[in-house]
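Asks: Got a structure for you, questions after.
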Amino acid sequence: MTLKFIARLRSSRVVVQDQLEVPDQAAVGGGGDGEDCCWAKLPPELLREVLLMIEDSETRWPQRKTVVACAGVCSSWRLIVKEIVKFPEISGKLTFPISVKQPGPKDGLLHCFIKRNRSTHTYCLYLSLTNALTDDGKFLLAARKHKRPTHNDYIISLRAEDMSRGSSSYVGKLRSNYLGNRYTILAGQSAHTGSKMAKNHSPRLPNLKHASSKVHLVNYSMAHISYELEVFGSRGPRRMQCIMGTIPTASTAPEEPARARSEFSGLNTDIFQSNPIAHSEPASMGNFLSGSLCGQKNGALVLINKAPRWNEQLHCWCLNFHGRVTVASVKNFQLVASPENRKIVLQFGKVGKDLFTMDYQYPISAFQAFAICLSSFDTKVACE
């Protein structure tokens with residue numbers, strides 16, 4: 001029954017694109033919520049059982065499109081899907097756009113990879129669909145480097161073809177100082193929660209461009225990254241530190257209870273509403289980029305790179321990436337919460353000329369991990 005239902009659903013007018021999408025306001029809220037369609041008349045108990053079976057069976061992309069399609073049928077469907085789709089830290093699955101800003105899985109690293117385009121200064125993040133180092137992948141995020149006179153900006157977006165700060169697909173940005181040894185991760189958030197969507201009475205899930213092109217965004221500081229300066233011409237592996245301003249130190253404790261997470265929203269263009277522990281003031285970003293570390297930690301989680309070991313036989317510094325990295329590079333790193341803590345929160349390394357693996361897990365998100373990895377691509381004038 002379930003397979004026939006899925007086939008019928010896929011052949012219906014409910015269509016999803018090959019990306020993390022959200023339901024249309026016209027399809028799930030006020031006025032054109034689709035409650036008069038035949039799908040909305042299913043008994044709630046039966047509907048819940050069917051949606052649970054779909055959630056359990058469609059576990060990987062691209063089949064997971066069906067779960068997204070179910071959330072776009074009508075408001076009653078959306079409420080049930082919203083309830084049964086678990087957070088990434090529990091399920092290990094990335095389903096909706098909000099997933100890239102939610103903490104990764106607790107039971108192991110989530111495998112991703114980054115493709116670099118040197119000519120356009122763009123970087124694309126993909127979710128790995130197989131255990132191979134390279135596959136087609138599931139597109140998650142894109143970033144473009146913008147060179148400024150005194151710093152560099154990496155604009156991060158949901159869409160590779162639309163990476164402007166005023167776009168509804170804007171997620172956040174990474175900003176560096178002039179020397180390239182200090183960075184701030186800034187997350188974008190709508191200045192208001194009642195953003196209006198363009199009227200669209202089609203049950204088809206929308207391209208996000210249907211949303212109003214004028215989105216009023218504010219940036220808040222989410223994390224700070226620093227690379228230790230090399231003195232007297234000394235050379236060696238990079239030493240980095242990440243102060244995760246919106247993640248408490250207690251999050252890495254073994255029995256840390258799951259705190260409240262923001263829910264995916266299909267009713268406004270702010271598809272990344274989040275609940276940061278504390279919003280850093282704009283002045284703190286300027287102080288950090290200029291070199292002041294005073295008052296930055298304040299109980300926040302601090303990640304440091306795992307120190308590599310010198311291999312006498314190979315005459316190089318080495319880290320064990322468990323087969324996920326194949327090319328030696330100064331960009332390669334692993335981040336842990338402390339030298340004594342062996343749990344790798346994020347690892348990044350080269351596997352090809354313009355191909356890199358990125359594996360992350362709780363308590364950081366895909367967006368945070370991607371931004372940290374982007375800092376490794378940047379030129380470090382005084383760090384190497």
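Asks: Run the numbers for residue 307 and residue 146: contour at 0.36 nm per residue of separation, minus the present Cα-Cα distance, in nm.
Replies: So the chain would gain 54.9 nm between residue 307 and residue 146.
Asks: On a 26 Å Cα-Cα criterion, which of the cross-link pairs 93/145; 106/306; 101/343; 82/173; 145/331; 65/147 come out too long?
Replies: Where the Cα-Cα span goes over 26 Å, the pairs concerned are 93/145; 82/173; 65/147.
Asks: Next question. Obtain the nm distance between the two label points defined at residue 161 and residue 342 by a simple spin-label model: each point lies 7 Å from its Cα along the Cα-to-C-beta direction.
Replies: Those two pseudo-labels are separated by 4.8 nm.
Asks: In debye, nearest 20: dipole of the stretch 39-85 around its Cα centre with unit charges on the Cβ of K, R (+) and D, E (-)?
Replies: The dipole of the stretch 39-85 has a size of about 220 debye.
Asks: Sticking with this one: Which value in nm describes the separation of the simple spin-label points at residue 86 and residue 327, placed 7 Å from the Cα toward the beta carbon?
Replies: 3.7 nm
Asks: Can you compute 3J(HN,Hα) from phi for each residue in the stretch 51-64, using the Karplus curve 6.51 cos²θ - 1.76 cosθ + 1.60 with θ = phi - 60°, rounded to whole Hz and x for Gly and Pro?
Replies: 5, 5, 5, 5, 4, 6, 8, 8, 8, 10, 7, x, 4, 5
Asks: Using only Cα atoms, locate the centre of the stretch 70-105 and the centre of the stretch 357-379, then give the distance between them in Å, rounded to an integer.
Replies: 22 Å
Asks: When you count, for each residue, the other Cβ atoms within 10 Å and take the mean per peptide, how do 221-227, 132-138 rank with the highest first? All intermediate terms of the calculation are to be shown ahead of the outcome.
Replies: Details: 221-227: 23.1, 132-138: 14.6.
Listed from highest to lowest mean packing, they are 221-227, 132-138.
Asks: Report the gain in length on full extension from residue 250 to residue 48: 0.36 nm times residue separation, minus Cα-Cα distance, nm rounded to one decimal.
Replies: Gain in length upon complete extension: 69.1 nm.
Taken together, the values in this text are just the output of simple stated rules run on the coordinates, not laboratory data. Worth saying up front: this structure is predicted, and the values here are computed from it rather than measured. Counting neighbours? That spans all protein chains shown, and the Cβs are built from the backbone with ideal geometry, glycine included.
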